[in-house]
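Below is one structure, written out as structure tokens; comments come after it.
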Number of protein chains: 2
Amino acid sequence: MATTNGGTVEVAAALPAVTRQDNPPPKQLAVEPLTLAGIAARRAKAGKLVAGTAAYSDSDMFKSPQAYNHLKARRWDHHLSPEVLARHPCALKKAALNLKKPGMLSLGGGLPSADNFPIESLSMQVQHPPSFGKNSTEVSGYDTTMGKHDIRDKDGVYDVSVALNYGQANGSAQMMRWVTEHTELVFRPPYADWRCALSIGSTGALDSALRMFCDRNRRDSILTEEYSFATALETIAPLGIKVFGVRIDEQGLLPESLDEILSNWDENTRGARKPTVLYTVPSGQNPTGATMSLQRRKDVYNVCSKHDVYIFEDEPYYYLQMPPYDKANSAAQPGAVDVYSNQSTENFLRNLIPTLLSIDVDGRVLRMDSFSKVVVPGSRMGWVTASEQVIERYIRLQECCSQGPAGFSQALMYKLLDETWGHEGYLRWLIRLRSEYTQRRDALLDACEKHLPKDVLWLRVDHTRHPHVGEKTLLELEEEIFDSCIESGVLACRGSWFCAERDVELTGLFFRTTFAAATQADMDVAIQRFGQAVRASFKI
Amino acid sequence: MATTNGGTVEVAAALPAVTRQDNPPPKQLAVEPLTLAGIAARRAKAGKLVAGTAAYSDSDMFKSPQAYNHLKARRWDHHLSPEVLARHPCALKKAALNLKKPGMLSLGGGLPSADNFPIESLSMQVQHPPSFGKNSTEVSGYDTTMGKHDIRDKDGVYDVSVALNYGQANGSAQMMRWVTEHTELVFRPPYADWRCALSIGSTGALDSALRMFCDRNRRDSILTEEYSFATALETIAPLGIKVFGVRIDEQGLLPESLDEILSNWDENTRGARKPTVLYTVPSGQNPTGATMSLQRRKDVYNVCSKHDVYIFEDEPYYYLQMPPYDKANSAAQPGAVDVYSNQSTENFLRNLIPTLLSIDVDGRVLRMDSFSKVVVPGSRMGWVTASEQVIERYIRLQECCSQGPAGFSQALMYKLLDETWGHEGYLRWLIRLRSEYTQRRDALLDACEKHLPKDVLWLRVDHTRHPHVGEKTLLELEEEIFDSCIESGVLACRGSWFCAERDVELTGLFFRTTFAAATQADMDVAIQRFGQAVRASFKI
């Protein structure tokens, strides 16, 4: 992964490169970027958040006034699918709006009474900043509890009676506030009517996005990196949507390849309509690990703009952007000094490469955020950000499929992210986690330096040196090495699993490895075994 | 709702009415019905459940040997949609099977290490049997805790490190065991290869079932009660699937109406292929409250069998089957004796009307179970039961959409249902809940007796007495009464919201009311207001 080439503070200045030709420039952009202090001040001014059972909320309730200094997003009616255009607001949920009238009694909705919930309270022991349990002089855990009637009895903001009842499909107001604030703090979408909605994780969000923007009866197709996330490809294909791969380099998607494909599209040869959607993982791309620089993102965005392509931005590793690997200063060496763990949160944010959402003047990006890689996968909760039109359609779909993330997840993640950590504590956690993963990555690369044959460029295997090159297909060589790995006791993922276009010949011999789970010692042994398997196949 | 007409004990004897003609009768059915003691004995024999991170599990691991005394289910290839038939097992999850080999090291899967989870433990205070906090001499809550490494450190069965990591799309082995046991204990499907999978709730399960069995390009259509659950109708329509209503009486679906529709289907007049799916809510039907007797269920099942119709059984109120309302012995009267709250669990189970799944010799039922109405809606966790073929396809779909219910939900529901309550405690909770809801229902009906004009049959309004009958449509009268209700401060649901066929004229003037949420006093006032609104409209 590359280090940063720009920062959020630079985005406003850099914006002219990505502008809209169709409209007068937005009003004076005396944009005061939102800060942690700004969030605190806004909350203080707004007063206590009052949101009971199934309370309606949207991002507009929690955004800065300056967010509206921009133009509104474009409309996407021409891209949305017949399925999602046919969705109407839920009759029962619409009727419930009448309950806002004071004194109104309900014989209508089927919301059960919390009196019949067998759960009185939820508690959790969590690590807390600054050291997150790493410092032995500190108590390692901090207890946080949510009672059944904290709103009524303890002047609380959220409680079990609300969290565990039915809720809105975009999530509780309590979590909506947090994700909206975080989105503005970190991503600052440069159009007026952006909104968030909670998701049940990015796998579910992608499936929903596909249902919203793609339709096999229109012969729709999607573009993505030529090697792309296997689960995403498996999600797209059964929907009858064709996938086409865009060439990549170490910074991911090549804008010229993207432009070339779109400019020369021939519907008959391709067997599909010209792509209207790009699915991309801009940082820590799966499986290649590539991260797009700010300039690359702008170039890709501009090509999408030119061809009216809508973008699904999936960036679960966004906060784990690491410094380049330096063998001499490997973070995995004993006694290595971790210069990043004491970084200020301002500095951390400034050094993150802006997202596609952050340069999205059109509202043509649906961004998916996830807690899976940075808190726990088991929350099955994340969020999406897009224009009001798209989020409204997203919510209509969720009303009939997920009904939003679990109340247990919303309750406990709220206690962790909002009440215990706050925005600053969460940023500190991300800084600490990035150090942790940098160390793991360096351990993996140290092991590669030590154990892999010189002709092997990390885990891109140079197949031209293979004795059977020409006799065997790359797929056969890949299988041979994979089987040999399994025999010697190491599992790595085959590159072919990630091929965007299944019927196209492989362009190289790839193996994906991950440093997320194994210990340092195991990684050393695993890479040693992998090296032996490659050597055996190459007879070197 | 009706009281029971049969019981699980009678099912085996009653089965000959629903048999399969194509095959020899199953092997000798010396079926020992599974009991609570039987579950305990089986667990003791199986030894401790060992299931770590993302462990694979299926119902076959937890079923009684006698479950296999039946024939296998039929195959449903001819009904499954192209989308679901095109789904392949996830490459990364398949590769993970190699990790079962001892000593295998993984550079493959992206499972994060629990070392980086900021959550050390989860706790919950729950009500417990026998009195569930109703008895003031008892402590009202019972604390239960799950630590991060309970499996490793405390010889535990489940822990935070496993529950909050990625898991299988059908759920954890820990919860799979519980739902499989419960399904066998209560429903006893009469075919060999039934299986369960966790769902994210029945809304999500229905959406998935529709994607699995319906395809608009085949012009597929669905049958359901002529007044049906509004959210289900809103889920079906945007998929381009036409819905046709079957006539109902106080026991729900009329088999002769079902047979008549299917026997005389004309594809051109109807604008759809002959229906291949029936969606039904057999007890406490929403919105009519109708409950099918055992005989009615058999008759409906046999009609489906005759026409090769597959059945989606959605029965969230199954355990709330109540005795008929008796004005003289209303459970809402002060000092009413609750004869049901001390019922034995055996008696409770015996008196539940068998489900469609319980008479399903073909494996043609996909049953959806939910905790929303009987524990908390916020778990966003339930389960589905169907044949192995259908469940396998269901799991393939979940791998690309929900990834199964949240780990927080699985962890906490496991602590409640398995560790704290056990199967018996859960049945006792259901018995208590049914008493609670019987009391609420009786309060609503008491209020109806007191406040509604005599010409009103509960909340079916006799529109023939309306002064403007003939001048105004039923839809206009319904709107007038609804608006007048809102004006007088009471919200009830309009019958038209539940019409299966939107373009067909209403057959009556209906309002749905619920007794789930309001207090007894509020219900009295609400019904009084409703009565006034109807009187005003009818000028009586």
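Only the coordinates and a few stated rules stand behind these numbers; no lab work does. Just so you know, these numbers come straight off a predicted model, no measurement behind them. Cβ placement follows ideal geometry from the backbone for every residue including glycine, while neighbour counts extend to all protein chains displayed.
Rounded to the nearest 0.05, what FRET efficiency is calculated for A:GLU479 and B:GLN333 with R0 set to 56 Å and r the Cβ-Cβ distance?
On the way: r = 75 Å, r/R0 = 1.35.
Computed FRET efficiency for A:GLU479 and B:GLN333: 0.15.
For A:ASN342, inter-copy separations between label points set 7 Å beyond Cα along the Cβ vector come to 7.2 nm, shortest first.
The relative contact order of the range B:138-275, computed from alpha carbon pairs under 8 Å that lie at least 6 residues apart in sequence, is 15 percent. Per-residue Karplus couplings for the range B:496-510, computed as 6.51 cos²θ - 1.76 cosθ + 1.60 with θ equal to phi - 60°, are listed in order as 4, 5, 10, 5, 4, 10, 5, 8, 9, 4, 4, 9, x, 9, 10 Hz, Gly and Pro entered as x. For the protein assembly as shown, the ratio of Cα radius of gyration to the globular rule of thumb 2.2 N^0.38 Å stands at 0.95. Other residues whose C-beta falls under 13 angstrom from the C-beta of A:HIS149 contribute a net charge of -3, scoring Lys and Arg +1 and Asp and Glu -1. Here B:LYS154 yields copy-to-copy label distances, from shortest upward, of 2.2 nm, the label point defined as 7 Å from Cα along Cα to C-beta.
Farthest towards the positive end of the charge dipole of the protein assembly as shown, among the residues B:ALA73, A:THR145, A:VAL157, is the Cα of A:THR145, using unit charges on the Cβ of Lys, Arg, Asp and Glu.
Scanning residues 5 or more positions from B:VAL490 or on other chains, those with amide H under 5 Å from its amide H are A:LEU105, with H placed 1.01 Å from N in the peptide plane. Close amide H partners of A:VAL246, meaning residues 5 or more places away or on another chain with modelled amide H under 5 Å apart, are A:THR224, A:GLU225, A:GLU226.
Projecting the Cα atoms of A:ILE391, A:LEU239, A:TYR56 onto the charge dipole of chain A, computed from C-beta unit charges around the Cα centre, puts A:TYR56 farthest toward the positive end.
Summary value for the range A:382-520: 22 percent relative contact order, contacts being C-alpha pairs under 8 angstrom separated by 6+ residues. In the protein assembly as shown, a dipole from Cβ-located charges (positive for Lys and Arg, negative for Asp and Glu) runs towards its positive end, and of B:PRO324, B:PRO118, B:HIS463 it is B:PRO118 whose Cα lies farthest in that direction.
Evaluate the charge dipole of the range B:148-200 about its Cα centre and quote only its size in Debye, nearest 20, assuming +1 on the Cβ of each Lys and Arg and -1 on the Cβ of each Asp and Glu. Could you put the intermediate results ahead of the total?
Numbers: 6 positive and 7 negative charges, 17 e Å.
Once rounded to the nearest 20, the dipole reads 80 debye.
Remark: B:TYR279, A:TYR158, A:TYR325 ranked as A:TYR325, A:TYR158, B:TYR279, counting other beta-carbon atoms within 10 Å and listing the fewest first. Using the Cβ-Cβ distance between A:ARG75 and A:ARG270 with R0 set to 30 Å, the FRET efficiency works out to roughly 0.65.
Computed about the Cα centre, the dipole magnitude for the range B:452-538 is approximately 300 debye when only Lys and Arg (+1) and Asp and Glu (-1) carry charge, each at its Cβ. The fewest-to-most ranking of A:GLU346, B:GLU419 by surrounding Cβ atoms within 10 Å reads A:GLU346, B:GLU419.
How do B:VAL525, B:VAL361, A:VAL179, A:VAL504 line up, fewest other C-beta atoms within 10 Å first? Could you put the intermediate results ahead of the total?
Values: B:VAL525 17, B:VAL361 20, A:VAL179 25, A:VAL504 11.
Ordered from fewest to most neighbouring Cβ atoms within 10 Å, B:VAL525, B:VAL361, A:VAL179, A:VAL504 come out as A:VAL504, B:VAL525, B:VAL361, A:VAL179.
For B:LYS63, no residue has an amide H sitting under 5 Å from its own, ignoring neighbours fewer than 5 places away on the same chain, with H placed 1.01 Å from N.
With label points set 7 Å from Cα along Cα→Cβ, the inter-copy distances at A:ASN329 are 8.4 nm, sorted shortest first. Ratio of Rg to Rh for the range A:452-538: 0.96 [Cα atoms; Kirkwood radius as inverse mean 1/r over pairs].
Under 19 Å from a label point set 7 Å out along the Cα-to-Cβ vector of A:ASP308, the amide N atoms of the range A:198-222 belong to A:212-222.
Please report, in debye to the nearest 20, how large the charge dipole of the range A:391-516 is about its Cα centre when each Lys and Arg carries +1 at its beta carbon and each Asp and Glu carries -1 there. Spell out each step's value before the answer.
Values: 16 positive and 21 negative charges, 112 e Å.
About 540 debye.
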